[in-house]
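Everything below concerns the one structure shown next.
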Amino acid sequence: MTATFQTVDSFDLVIFGGTGDLALRKLLPALFHRYADGQIPAGSRIIGVAREPLDDAGYRKLLRESLAGNGADPARLDAFLQQVGYRPLDARKDEGWEAFAALIKEQPEHVRVFYLSTSPELFEDICRRLGQCGLNGEGSRVVLEKPIGRDLASANRINDAVGKVFAESQTYRIDHYLGKETVQNLLALRFGNALFEPLWNASHIDHVQITVAETLGLGRRAGYYDRAGALRDMVQNHLLQLLCMVAMEPPASLTPDSVRDEKLKVLRSLKTIDESNASQLTVRGQYRAGVAEGQSVPGYPDELDGAKSDTETFVAVKAEIENWRWAGVPFYLRTGKRLPERVSEIVVAFKPVPHSIFGASAGHLAQNRLVLRLQPDEGVKLWLTIKDPGPGGLRLRHVPLDMSFAEAFGVAQPDAYERLLLDVVRGNPTLFMRRDEVEAAWRWADPILAAWAAGGEPPRPYASGSWGPSASVALIERDGRTWHEDSE
């Protein structure tokens with residue numbers, strides 16, 4: 001089976017922060033892969049912008065070194081780099097902006113995408129200057145990377161500043177988890193099959209688990225991460241968006257606002273977690289020295305050169321949705337750094353059968369579970385109970401119906417950024433957050449942050465290479481449940 005790809009109109013894509021980690025590690029490789037598959041038209045331009053004093057040749061050399069390490073075909077890489085340019089600019093200085101605007105205006109018919117892969121503190125300055133240069137016309141779009149603020153108040157300030165220059169219809173708040181193939185398949189599984197949707201409610205589902213685990217530590221993100229922490233960096237955006245995709249009502253259609261309206265209803269239905277219940281419903285931790293991926297690694301304080309920090313690197317939350325479909329169904333969320341595996345998955349655990357007709361000798365009658373794996377190997381597993389083949393009596397066995405996307409379709413799945421970047425060019429905002437979604441997410445997260453600050457309790461330590469503090473195990477096991485392990 002071969003994949004077919006739709007081309008897009010010619011475009012100019014400007015990456016502010018073009019020499020940063022996200023641009024070099026994710027955005028530019030994604031654009032190269034779409035170019036290699038014939039999706040980027042000739043004449044389209046990709047322009048990196050940063051403060052470093054590079055020219056086109058210097059930037060292309062930097063990209064060549066970065067992309068060649070990923071096994072890029074040299075001839076295709078050469079052709080791709082001819083569409084790439086660079087302009088040194090400082091968002092807070094006037095120099096160079098007039099020449100930059102003249103460069104962009106050389107192709108007035110192109111769709112213009114301005115990707116702000118910078119600190120959020122620069123969003124206002126960049127957007128204001130784009131407006132002053134007349135680059136915010138109807139064919140222009142701006143992409144905002146997370147985090148959008150540290151809380152509701154700062155998020156509103158950023159959104160207000162961007163909104164003075166770009167209309168909401170031109171603003172794309174990106175969460176790359178929504179571009180993952182498995183998240184897209186969740187929509188197809190729920191709304192394209194008669195099997196699941198009738199069971200997708202509190203009458204049949206016991207609980208839901210959402211895990212996003214990383215083996216890495218701070219790396220190059222120490223400055224940002226120590227100001228943010230796991231709740232701001234992962235839970236308020238990535239995990240809540242995944243929760244919304246699981247829990248939302250069937251949209252009237254797949255038009256952008258139909259989908260986003262339903263996600264917003266979920267966010268507004270989340271049970272409040274504040275000082276009255278945060279100690280029972282949340283756990284936060286911070287990694288210490290241990291072993292990750294077979295190597296001894298330092299603890300979080302050591303990576304900060306011994307500086308004291310109360311920033312959490314692990315969060316577990318028991319969330320609840322107060323509506324008719326999900327009343328009484330807990331959603332267990334967890335994320336952390338320096339955990340044993342790099343894995344992102346959604347586990348939907350169905351209620352056990354009401355009565356077992358099998359004797360004790362047949363073995364344990366396990367719950368059915370639908371497991372959607374987002375990374376590293378995207379796919380879907382449905383765990384079922386069957387009879388173990390062979391004579392000698394009836395023995396039950398819990399086995400998965402397993403579909404790996406790579407094996408089933410015989411093609412490599414595009415990275416999430418590959419899909420989302422071209423969705424911006426097409427003007428399709430379905431997989432991007434609307435302003436009211438961001439506000440609703442912060443309204444839920446702010447009381448948790450306030451409760452932690454008021455409580456004064458530091459994050460619980462956990463060894464690198466473990467699954468976080470023991471309190472996160474207690475969070476789910478006191479309800480008679482356990483965290484999902486694929487080998488079970």
Exercise for the section: Indicate the helices, whole DSSP H runs only, in the chain that combine a mean Kyte-Doolittle hydropathy of -0.5 or more with a Cα extent along their long axis of 27 angstrom or more. Expected result: 435-455
Practice task
Let me know the shape class of the chain, please: from the alpha-carbon gyration tensor, a ≥ b ≥ c as square roots of the eigenvalues, rounded when a/c is under 1.5, otherwise prolate if a/b is greater than b/c, or oblate.
Solution key: prolate
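By average Cβ neighbour count within 10 Å, what is the ranking of 77-89, 335-347 from highest down?
Details: 77-89: 18.4, 335-347: 21.8.
Put in order of decreasing packing, that is 335-347, 77-89.
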Completion exercise
Taking the dipole of the chain about the Cα centre (Lys, Arg +1; Asp, Glu -1; charges at Cβ), the one of 191, 332, 38 that reaches farthest to the positive side is 332
Handout entry: Amide H contacts under 5 Å for residue 44, placed H, 5+ residues apart
Key = 11
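Leaving ligands, DNA and RNA out of it, report the carbon-plus-sulfur percent of the accessible area of the stretch 130-214 at a 1.4 Å probe. Intermediate values should be presented prior to the final figure.
Values: 1550 of 3020 Å².
Exposed carbon and sulfur together represent 51 percent of the surface.
Ranked from highest to lowest mean number of other Cβ atoms within 10 Å per residue, what is the order of the peptides 170-181, 54-65, 97-108, 363-374?
Values: 170-181: 21.7, 54-65: 16.2, 97-108: 13.8, 363-374: 18.1.
So the peptides 170-181, 54-65, 97-108, 363-374, ranked by packing, come out 170-181, 363-374, 54-65, 97-108.
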Exercise for the section: Beta carbons within 10 angstrom, averaged per residue: use that to sort the peptides 146-158, 469-481, highest first. Expected result: 146-158, 469-481
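Under a point-charge model restricted to the Cβ atoms of Lys and Arg (+1) and Asp and Glu (-1), what is the dipole moment magnitude of the chain relative to its Cα centre, in debye to the nearest 20?
Numbers: 57 positive and 65 negative charges, 102 e Å.
Roughly 480 debye, rounded to the nearest 20.
Per DSSP H run of n ≥ 4, the term is -39500 (n - 2.57); total these for the chain, divide by its residue number, and report the mean residue ellipticity at 222 nm rounded to 500 deg cm²/dmol. Before the final figure, lay out each step's value.
Working: 16 runs with 153 residues, N = 488.
Computed ellipticity for the chain at 222 nm equals -9000 deg cm²/dmol.
The values are calculated or read from the model by the stated rules, or taken from the named source; none is laboratory data. Since the structure is predicted, the reported quantities are computational estimates derived from the model, not experimental observations. Heads up, the Cβs are rebuilt from the backbone with ideal geometry, glycines too, and the neighbour counts pull from every protein chain shown. What goes into the accessible areas is simple: the full protein's heavy atoms, side chains included, and nothing from ligands, DNA or RNA. Shrake-Rupley method; radii C 1.70, N 1.55, O 1.52, S 1.80 Å.
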